[in-house]
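The values are calculated or read from the model by the stated rules, or taken from the named source; none is laboratory data. None of the values given here were measured: they were computed from a predicted structure. Cβ: placed from backbone, ideal geometry, glycine included. Neighbour counts: every protein chain shown.
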């Protein structure tokens with residue numbers, strides 16, 4: 001079984017706007033941003049399950065985003081929830097997200113304008129730990145925003161040390177574009193790295209080195225589709241020369257454990 005742990009879908013009525021918004025960034029989208037489009041892409045690529053990562057961009061759309069995520073949280077496409085940094089009652093919101101059957105939340109420092117050293121977000125992290133929700137966050141640079149990024153390996157390592165009981169998944173192998181710092185600060189820590197937007201865009205030898213130094217039991221296959229093509233991303237991972245155990249951990253076992261799949 002192959003699980004793509006990092007994809008993006010939108011309600012049908014707004015999917016075209018989401019796709020159009022990335023046009024100026026020079027990305028060639030691999031499907032139309034809908035769940036049906038993702039399912040077709042998965043079938044072509046030979047991917048069995050995928051995880052959609054919605055994002056709350058304002059406290060006012062918290063209920064709508066998470067209700068839609070819960071409604072679309074079953075095989076072959078599961079979903080995370082999301083919360084905004086300015087949520088007025090994080091404990092209540094995250095308890096509700098847990099009650100919806102969602103296993104974790106997605107956050108994005110650039111789009112939600114926060115950094116991991118802010119004390120105002122501590123109630124969110126504490127509530128995630130209390131509810132047993134994992135956190136998947138964008139990490140490092142984002143082509144839609146000017147550098148420096150609001151997250152980097154040193155700040156993420158410090159955040160992990162402050163909240164060691166929070167299950168943390170860092171997208172883009174820990175911090176897109178900051179590979180020396182990833183090696184220095186993050187590799188080997190008990191947190192997960194997802195591979196989204198990395199295979200084929202980073203030197204294979206570097207990627208294999210990061211995987212093996214960190215441990216394949218804490219690396220997750222992800223594509224960032226539709227911003228990257230699922231078939232091409234999976235093909236690139238298959239060409240890395242990983243062992244069978246490494247490949248199974250990365251493409252299936254770790255994701256299944258985090259999502260509590262049988």
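Considering only residues that are touching a strand residue (DSSP E or B) at 6+ places or on another chain (Cβ under 9 Å), over 23 Å from residue 133 (Cβ atoms) and part of a helix (DSSP H, G or I), which ones fall in the range 236-262?
Those that are touching a strand residue (DSSP E or B) at 6+ places or on another chain (Cβ under 9 Å), over 23 Å from residue 133 (Cβ atoms) and part of a helix (DSSP H, G or I): 236, 237, 246, 251.
Could you please tell me which pairs satisfy a Cβ distance under 8 Å, a separation of 6+ or placement on different chains, a first residue in the range 220-239 that is more than 10 Å from residue 196 (Cα to Cα), and a second residue that is part of a helix (DSSP H, G or I) and modelled with pLDDT under 95?
226/19
Out of everything in the range 60-71 that is out of contact with any helix residue (DSSP H, G or I) (no Cβ under 9 Å at 6 or more places or on another chain) and surrounded by 15 or more Cβ atoms within 10 Å (Cβ to Cβ), what residue ends up being nearest to residue 87 (Cα to Cα)?
Among residues in the range 60-71 that are out of contact with any helix residue (DSSP H, G or I) (no Cβ under 9 Å at 6 or more places or on another chain) and surrounded by 15 or more Cβ atoms within 10 Å (Cβ to Cβ), the one nearest to residue 87 (Cα to Cα) is 61.
Looking at 180, 165, which is the one that is more than 23 Å from residue 226 (Cα to Cα) and without any contact (Cβ under 8 Å) to a residue 24 or more places away in the chain?
On inspection, the qualifying residue turns out to be 180.
Condition first: in contact with a helix residue (DSSP H, G or I) (Cβ under 8 Å, 6 or more places away or on another chain), assigned to a loop (DSSP other than H, G, I, E, B), at pLDDT 95 or above and closer than 23 Å to residue 21 by Cβ. Can you find one or more residues in the range 169-180 that meet it?
no
Can you pull out every residue in the range 151-168 that is in a helix (DSSP H, G or I) and within 17 Å of residue 105 (Cα to Cα)?
Once the filter is applied, which keeps residues that are in a helix (DSSP H, G or I) and within 17 Å of residue 105 (Cα to Cα), the range 151-168 yields 156, 159, 160.
So residue 158 fits all but one of (1) surrounded by fewer than 22 Cβ atoms within 10 Å (Cβ to Cβ); (2) out of contact with any helix residue (DSSP H, G or I) (no Cβ under 6 Å at 6 or more places or on another chain); (3) free of Cβ contacts under 8 Å to residues at least 40 places away in the same chain; what number is the exception?
Answer for residue 158: the failing condition is (3).
Could you list, in sequence order, the residues of the range 181-199 that are assigned to a loop (DSSP other than H, G, I, E, B) and under 22 Å from residue 128 (Cα atoms)?
Once the filter is applied, which keeps residues that are assigned to a loop (DSSP other than H, G, I, E, B) and under 22 Å from residue 128 (Cα atoms), the range 181-199 yields 186, 189, 190, 191.
From (1) assigned to a helix (DSSP H, G or I); (2) closer than 20 Å to residue 42 by Cα; (3) in contact with a helix residue (DSSP H, G or I) (Cβ under 7 Å, 6 or more places away or on another chain), pick out the condition that doesn't hold for residue 210.
All conditions pass for residue 210, except number (2).
Going by the structure shown, is residue 110 surrounded by fewer than 19 Cβ atoms within 10 Å (Cβ to Cβ) and either within 17 Å of the chain's Cα centre (by Cα) or on the phi > 0 side of the Ramachandran plot (or both)?
yes
Would you check if residue 126 is over 25 Å from residue 255 (Cα atoms), part of a helix (DSSP H, G or I) and either out of contact with any helix residue (DSSP H, G or I) (no Cβ under 7 Å at 6 or more places or on another chain) or modelled with pLDDT of 95 or more (or both)?
So residue 126 fails the test.
Going by the conditions given, is residue 201 under 24 Å from residue 51 (Cα atoms), without any contact (Cβ under 8 Å) to a residue 24 or more places away in the chain and surrounded by fewer than 21 Cβ atoms within 10 Å (Cβ to Cβ)?
So residue 201 fits the description; yes.
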